[in-house]
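Single-structure report; data block below.
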Amino acid sequence: MANRPDQQDQAIAGDGVQPDRASSRPDYWFPAKRYGWGWGFPLVWQGWVVFGAFVLAIGGGVIFVLSPLGPFVFAGYVVALIGLLTIVCWLKGEPPRWRWGDDGAP
């Protein structure tokens with residue numbers, strides 16, 4: 001007996017088993033901080049790559065920006081990097097809001 005197309009789709013999708021709630025929520029790279037506003041350290045490898053690139057860019061800036069161009073240009077460089085990191089956190093992190101510990105929010 002041949003499989004119907006809908007049976008084949010169920011087999012491909014995991015034999016019709018419903019996904020659990022944890023896998024159906026968005027995958028955030030950066031969690032929201034428990035206290036205050038903003039994000040904490042990364043949760044997944046993609047976030048660690050972004051964070052590592054940020055740290056390396058700051059270190060590279062010390063060598064290639066601070067030494068030859070001076071502290072004011074370096075300060076602008078760091079502000080630009082912080083802005084880029086904030087944009088990535090905004091797009092790939094939990095929505096930010098003021099938090100005051102375990103306030104029962106999801």
| Within segment 79-100, how many residues are part of a helix (DSSP H, G or I) and under 26 Å from residue 34 (Cβ atoms)? | 12
| remark: Filtering segment 28-43 for residues that are free of Cβ contacts under 8 Å to residues at least 60 places away in the same chain, open to solvent by less than 100 Å² (accessible area, probe 1.4 Å) and out of contact with any helix residue (DSSP H, G or I) (no Cβ under 6 Å at 6 or more places or on another chain) leaves a count of 2
| query | Yes or no: residue 104 modelled with pLDDT of 95 or more, open to solvent by less than 90 Å² (accessible area, probe 1.4 Å) and of a type outside the set (A, V, I, L, M, F, W, C)? | reply | no
| field | Failed criterion for residue 54 (all others in (1) in contact with a Phe, Trp or Tyr (Cβ under 8 Å, 6 or more places away or on another chain); (2) in contact (Cβ under 8 Å) with a residue 12 or more places away in the chain; (3) of a type outside the set (Lys, Arg) hold) | value | (1)
| Qualifying residues in segment 67-86 (those that are farther than 23 Å from residue 41 by Cβ and of a type in the set (A, V, I, L, M)) - the one most open to solvent (accessible area, probe 1.4 Å) | 69
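The values are calculated or read from the model by the stated rules, or taken from the named source; none is laboratory data. Since the model is a prediction, treat every value here as computed from it, not as a measurement. Don't worry about glycine lacking a Cβ; one is built from the backbone with ideal geometry, like all the others, and counts go over all protein chains shown. Note: accessible area is taken over every heavy atom of the protein model, side chains too, but ligands, DNA and RNA are not part of it. Shrake-Rupley method; radii C 1.70, N 1.55, O 1.52, S 1.80 Å.
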